[in-house]
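Structure first, then comments.
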Amino acid sequence: MNATPSSDLETRLLTLAAARFGKAAGSLAPGDDIFETLGIDSIQAMEMLTEIETTFGVEIPDYELQGVTTFAGIAELVRRRLG
Amino acid sequence: MQTATPSQAAPSQPAAPRDPRAYEMLDATRYACVGEMLRDALVQFKTHTAFTELDRRRVVHRLSYLDVKRAVDRLARRLEDAGIGAGDRVAIVMTNQARYPIAATAAFFRGAIVVPIDYKLTPKEREALLAHAKPRALVTEYPLFAPHAAGALEAVPLVLVSEAPEHARLGHAQRWGALDGADAPGVSDAPPTFVPRAREDVATIVYSSGTGGAPKGCMLPHRAYLAQYTALTAMFPIVAGDRYFSILPTNHAIDFMCGFLGPLCGGAMVVHQRTLRPEFLTATMKSERVTHMAVVPLLLTAFERAIREKLDALPGWQRTAVDALMQVNERLTERRPNRLVSRTLLRPIHEAFGGELRVLFCGGAFVEQERAELFNRLGLPVAIGYGLTEASTVATVNDLRPFRGDSVGRAVEGVSLRIVDADASGVGEVQLHGPTLMLGYLDDAEQTRAAFTEDGWLRTGDLGYLDASHHLHLVGRSKNMIVTRGGKNVYPEDIEGAFASVACEELAVFAEGYLWQTRGELVGERLIVVARLKAGASEVDRRRFQESLHAANQRLADYKRVHALLVTEESFPRTASMKIKRGELATLLRGTHATAETVHFGEPVEAVR
């Protein structure tokens, strides 16, 4: 599950999450469960998403986030929006 | 069935001194059904704004009551043309947006029964509830419609889909223009025929559980809504000029009342926001100057975090000043909230929430007292209530005269409450009676019988006691069900099903507060899995068990995950049909294990809506 980041986008995403919640850089992997690894609740996760949207200049509607629990999952959503 | 012995009974709240603003609202006692009341409201308040919808900071639309009436008439006519009338069921699967109340009102106009279905469920789970409810029509929106497999909704004769892209494949479903009138060709624009209903007729079927197990569709009569409207608005009037921010799902009984029927019958405005990111929630509260909203406890936590950050950022002297002002505010608003005083004293904090907030409703036993008290000291009144779908939502609520953070309030007007089979300290099962009770569960005589006592009182399954002033205090549950901080009902039996592949002899899932009842500590109640490994299990066995448990847990929706593990050597008592005797097992575990023996997995995580 803990594969290394496969893209630049995933690396940037992991760096952003690590910095936001005070985790060591490089301690997160794309397949990690966001809530469990970061120890955050769903509201904190949504706040992080807003930062991700600002960083990447995309908007992800809430309904697309249902069932997404990993960094790789978010990366995929961002990638789709970036086209 | 044994006859219950009421140990304590509480009169319902004396009708609050009627707020003069209440006279601007429609008088629900004059109506026989919800549809009639809504029909009057759409005419009475026609020039007012009914709905404002935002997507982040952009205003998507503002609709007047007249706009709403036109959209309702068009849809009601369409339902009529499809042969939908008295007693037919119309299901709605939608996020919070104006089309939801429009669809529900149109169904009520036709005398139909509205079946709100949780849009957060997976398509398969929604299909299971639709199969149970057997609606003649389904109204939904494209992003929720699209994930259903082709043909999955074919059993529903009329499926209307809003917001479908131009070339979307809709199968047998039809487009619903809703607001722009861009319906499928051939839709009539003749006025609809209004179909009246009686107070005892079913108005809605609301599912109080939906995933796995037997679906429980609470049949709520028109009188339940009319009675609830009268009781709640006597305490908390919501009238023209008020702005209700609807963020709890409208399919949930709370928002159906507070974010739809309540504001619409008073001429108020309902605000919808397409995203639930806290940042945009507070931005919306500011831009729309929100006056009322209902929240789940988890959101109060997020708001508190924002307030604390604001307070912590203040220089020391200013922080001291705010602390002093909080004390002054508390003293000045001791008997009842005074928004002007609080807003003047604590302007920066109030402005962060728009500065107009009159009340935040927060449901359930899971509001932490300290948190509610902090909000109150800041002059942001949190009205803590308690209720369940079986009783049309609100059974008790704090009237804020004065604010009480330690209780879920007194029974609302018309609702009788009693504590049955109380122990020495006065704790027993909370039971309810009155016009807001459901008629029963749809097509389930057995569960309906189990839900009521012989003399017709609703068994809530919640344990509590009444204090001298008839305020209810909840202490635990007599049923093995958990209500999460996000307001979701979780049934341990569902989760056990998902754990079938876990490598152990047997396991059972409990609400932690059911295993160990701890008065006043319901907050953050978690699910705990109790497992028995085979005798003489090796280290490898144990590791395999833990890994399989972890993997199965990860596959569950976040709010259903267990948070703690207790390994026991006790064999589970079972019935002849091999069902776990939960009550006996709980007693056994209570006697042989302490809470300290549980291994916690980490912080609870759950979705807000």
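The values are calculated or read from the model by the stated rules, or taken from the named source; none is laboratory data. Treat the numbers as computed from the prediction; the structure is a model and nothing was measured. Methodologically, a virtual Cβ is constructed for each residue, glycine included, from the backbone with ideal geometry; neighbour enumeration extends over all protein chains shown.
Looking at this structure, is B:ARG197 modelled with pLDDT of 90 or more, surrounded by fewer than 19 Cβ atoms within 10 Å (Cβ to Cβ) and among the basic types (Lys, Arg)? Working first, answer last.
Values: modelled with pLDDT of 90 or more: yes; surrounded by fewer than 19 Cβ atoms within 10 Å (Cβ to Cβ): no; among the basic types (Lys, Arg): yes.
No, not satisfied.
When A:GLY73 is evaluated against the numbered criteria (1) surrounded by 19 or more Cβ atoms within 10 Å (Cβ to Cβ); (2) more than 9 Å from chain B (Cβ to nearest Cβ), which criterion, by number, is the only one it fails?
Here A:GLY73 clears every test but (1).
Can you tell me how many residues in region B:429-472 are more than 26 Å from B:LEU226 (Cβ to Cβ) and either basic (Lys, Arg) or within 21 Å of the chain's Cα centre (by Cα) (or both)?
So the count comes out to 4.
Which residue, of B:SER12, B:SER7, is modelled with pLDDT under 95 and surrounded by 19 or more Cβ atoms within 10 Å (Cβ to Cβ)?
On the way: B:SER7 fails: surrounded by 19 or more Cβ atoms within 10 Å (Cβ to Cβ).
Going through B:SER12, B:SER7 in turn, just one is modelled with pLDDT under 95 and surrounded by 19 or more Cβ atoms within 10 Å (Cβ to Cβ): B:SER12.
Give just the number: which of (1) part of a loop (DSSP other than H, G, I, E, B); (2) modelled with pLDDT of 95 or more does B:THR47 not satisfy?
Every condition holds for B:THR47 apart from (2).
For B:LEU298, which of the numbered conditions (1) in contact with a strand residue (DSSP E or B) (Cβ under 7 Å, 6 or more places away or on another chain); (2) within 14 Å of chain A (Cβ to nearest Cβ) fails to hold?
(1)
Only one of B:PRO135, B:PRO116 is more than 12 Å from every other protein chain (Cβ to nearest Cβ) and farther than 17 Å from B:HIS172 by Cα. Can you tell me which? Let's see the steps before the verdict.
Numbers: B:PRO135 fails: farther than 17 Å from B:HIS172 by Cα.
Sole residue among the options that is more than 12 Å from every other protein chain (Cβ to nearest Cβ) and farther than 17 Å from B:HIS172 by Cα: B:PRO116.
Step by step: first the residues of region B:145-162, then only those that are within 28 Å of the chain's Cα centre (by Cα) and touching a residue at least 60 places away in the same chain (Cβ under 8 Å), then the one that is surrounded by the fewest Cβ atoms within 10 Å (Cβ to Cβ). Which residue is that?
Applying the filter and picking the extreme gives B:LEU158.
Only one of B:GLY379, B:GLY426 is of a type in the set (Gly, Ala, Ser), assigned to a loop (DSSP other than H, G, I, E, B), buried (at least 22 other Cβ atoms within 10 Å of the Cβ) and modelled with pLDDT under 90. Can you tell me which? Lay out the reasoning, then the answer.
On the way: B:GLY426 fails: buried (at least 22 other Cβ atoms within 10 Å of the Cβ).
When all the criteria are applied, what remains is B:GLY379.
Based on this model, can you work out whether B:THR140 counts as in contact (Cβ under 8 Å) with a residue 12 or more places away in the chain and closer than 28 Å to B:SER287 by Cβ?
Numbers: in contact (Cβ under 8 Å) with a residue 12 or more places away in the chain: yes; closer than 28 Å to B:SER287 by Cβ: no.
No.
Just one of B:ARG110, B:ARG56 is touching a residue at least 24 places away in the same chain (Cβ under 8 Å) and on the phi > 0 side of the Ramachandran plot; which is it?
Numbers: B:ARG110 fails: on the phi > 0 side of the Ramachandran plot.
Selected residue: B:ARG56, the only one of B:ARG110, B:ARG56 that is touching a residue at least 24 places away in the same chain (Cβ under 8 Å) and on the phi > 0 side of the Ramachandran plot.
Which one is farthest from B:TYR386 (Cα to Cα), of the residues in region B:275-292 that are in a helix (DSSP H, G or I), within 12 Å of another protein chain (Cβ to nearest Cβ) and among the aliphatic types (A, V, I, L, M)? Show your work before the answer.
Taking region B:275-292 as the starting set, the residues that turn out to be in a helix (DSSP H, G or I) are B:278-287.
With within 12 Å of another protein chain (Cβ to nearest Cβ) added as a condition, the list becomes B:278-283.
Subset that is among the aliphatic types (A, V, I, L, M): B:281, B:283.
Details: B:LEU281: 24, B:ALA283: 29 Å.
This residue is B:ALA283.
Do we have any residue at all in region B:383-390 that's modelled with pLDDT under 85 and under 28 Å from B:ARG289 (Cα atoms)?
Filtering region B:383-390 down to residues modelled with pLDDT under 85 leaves none.
So far as region B:383-390 goes, no, none of its residues is modelled with pLDDT under 85 and under 28 Å from B:ARG289 (Cα atoms).
Confirm whether B:GLY87 is under 23 Å from B:ILE117 (Cβ atoms), in a loop (DSSP other than H, G, I, E, B) and without any contact (Cβ under 8 Å) to a residue 60 or more places away in the chain.
On the way: under 23 Å from B:ILE117 (Cβ atoms): yes; in a loop (DSSP other than H, G, I, E, B): yes; without any contact (Cβ under 8 Å) to a residue 60 or more places away in the chain: no.
Criteria not met by B:GLY87.
Which of the residues belonging to region B:558-574 are within 14 Å of chain A (Cβ to nearest Cβ) and touching an Asp or Glu at 6+ places or on another chain (Cβ under 9 Å)?
B:ASP558, B:TYR559, B:LYS560, B:ARG561, B:HIS563
Being at pLDDT 90 or above and either within 11 Å of the chain's Cα centre (by Cα) or at the interface with chain B (Cβ under 10 Å from one of its Cβ atoms) (or both): is that true of A:GLU64 here? Break it down stepwise before answering.
Working: at pLDDT 90 or above: no; either within 11 Å of the chain's Cα centre (by Cα) or at the interface with chain B (Cβ under 10 Å from one of its Cβ atoms) (or both): yes.
Against the criterion (at pLDDT 90 or above and either within 11 Å of the chain's Cα centre (by Cα) or at the interface with chain B (Cβ under 10 Å from one of its Cβ atoms) (or both)), A:GLU64 does not qualify.
Which members of region B:445-463 meet the condition of being in contact (Cβ under 8 Å) with a residue 60 or more places away in the chain and among the small types (Gly, Ala, Ser)?
Within region B:445-463, just B:ALA451 meets the criteria.
Could you go through region B:257-274 and let me know if any residue there is within 14 Å of another protein chain (Cβ to nearest Cβ), surrounded by 22 or more Cβ atoms within 10 Å (Cβ to Cβ) and either small (Gly, Ala, Ser) or within 17 Å of B:GLN97 (Cβ to Cβ) (or both).
yes
Residue by residue, here is whether (1) within 10 Å of another protein chain (Cβ to nearest Cβ); (2) of a type in the set (Phe, Trp, Tyr); (3) surrounded by fewer than 18 Cβ atoms within 10 Å (Cβ to Cβ) holds:
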site	(1), (2), (3)
A:LEU13	no, no, no
A:ALA17	no, no, no
A:ALA24	no, no, yes
A:LEU28	no, no, no
A:GLU36	yes, no, no
A:ILE40	yes, no, no
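Restricted to region B:29-56, and to residues that are in contact with a helix residue (DSSP H, G or I) (Cβ under 6 Å, 6 or more places away or on another chain) and closer than 30 Å to B:PRO278 by Cα, which residue is nearest to the other protein chains (Cβ to nearest Cβ)?
The qualifying residue nearest to the other protein chains (Cβ to nearest Cβ) is B:ARG56.
Within 14 Å of chain A (Cβ to nearest Cβ), surrounded by 22 or more Cβ atoms within 10 Å (Cβ to Cβ) and touching a residue at least 60 places away in the same chain (Cβ under 8 Å): does that describe B:GLN228?
On the way: within 14 Å of chain A (Cβ to nearest Cβ): no; surrounded by 22 or more Cβ atoms within 10 Å (Cβ to Cβ): yes; touching a residue at least 60 places away in the same chain (Cβ under 8 Å): yes.
So B:GLN228 does not fit the description; no.
Please count how many residues of region B:119-171 are of a type in the set (D, E, K, R) and in a loop (DSSP other than H, G, I, E, B). First the steps, then the outcome.
Let us first name the residues in region B:119-171 that are of a type in the set (D, E, K, R), namely B:120, B:124-127, B:134, B:136, B:141, B:154, B:163, B:166, B:169.
Checking which are in a loop (DSSP other than H, G, I, E, B) leaves us with B:120, B:134, B:136, B:154, B:163, B:166, B:169.
Total meeting the criteria: 7.
Output the number of residues of region B:547-582 satisfying the condition of being in a loop (DSSP other than H, G, I, E, B) and surrounded by fewer than 13 Cβ atoms within 10 Å (Cβ to Cβ). Quick ask: steps written out before the conclusion?
Let us first name the residues in region B:547-582 that are in a loop (DSSP other than H, G, I, E, B), namely B:556-557, B:561-563, B:568-573, B:575-579, B:581.
Checking which are surrounded by fewer than 13 Cβ atoms within 10 Å (Cβ to Cβ) leaves us with B:569, B:571, B:575-579.
Final tally of qualifying residues: 7.
Working carefully through the options B:LEU299, B:LEU248, find the one that is at negative phi, within 15 Å of the chain's Cα centre (by Cα) and either without any contact (Cβ under 8 Å) to a residue 12 or more places away in the chain or not assigned by TED's automatic domain parsing to the domain that holds B:MET37 (or both).
On the way: B:LEU248 fails: either without any contact (Cβ under 8 Å) to a residue 12 or more places away in the chain or not assigned by TED's automatic domain parsing to the domain that holds B:MET37 (or both).
The unique qualifying residue is B:LEU299.
Which residue, of B:GLU330, B:GLU309, is of a type in the set (Asp, Glu), in a helix (DSSP H, G or I) and within 14 Å of chain A (Cβ to nearest Cβ)?
Working: B:GLU330 fails: within 14 Å of chain A (Cβ to nearest Cβ).
Checking each option against the conditions leaves just B:GLU309.
Is it the case that B:ALA104 is farther than 20 Å from B:PHE194 by Cβ, of a type in the set (A, V, I, L, M) and assigned by TED's automatic domain parsing to the domain that holds B:ARG39? Don't jump to the end; show me each part of the working.
Working: farther than 20 Å from B:PHE194 by Cβ: no; of a type in the set (A, V, I, L, M): yes; assigned by TED's automatic domain parsing to the domain that holds B:ARG39: yes.
In short, no.
Check B:GLY486, B:GLY476, B:GLY464, B:GLY524 and return the single one that is outside any loop (DSSP other than H, G, I, E, B) and modelled with pLDDT under 85.
On the way: B:GLY486 fails: outside any loop (DSSP other than H, G, I, E, B); B:GLY464 fails: modelled with pLDDT under 85; B:GLY524 fails: outside any loop (DSSP other than H, G, I, E, B).
The match here is B:GLY476.
Can you tell me which residue is nearest to B:GLN554 (Cα to Cα) among those in region A:51-61 that are crowded, with 17+ Cβ neighbours inside 10 Å and within 10 Å of chain B (Cβ to nearest Cβ)? Steps first, answer last, please.
Step one: of region A:51-61, the residues crowded, with 17+ Cβ neighbours inside 10 Å are A:52-53, A:56, A:60.
If we keep only those that are within 10 Å of chain B (Cβ to nearest Cβ) as well, we get A:53, A:60.
Working: A:GLU53: 26, A:ILE60: 24 Å.
Per the stated criteria, the residue is A:ILE60.
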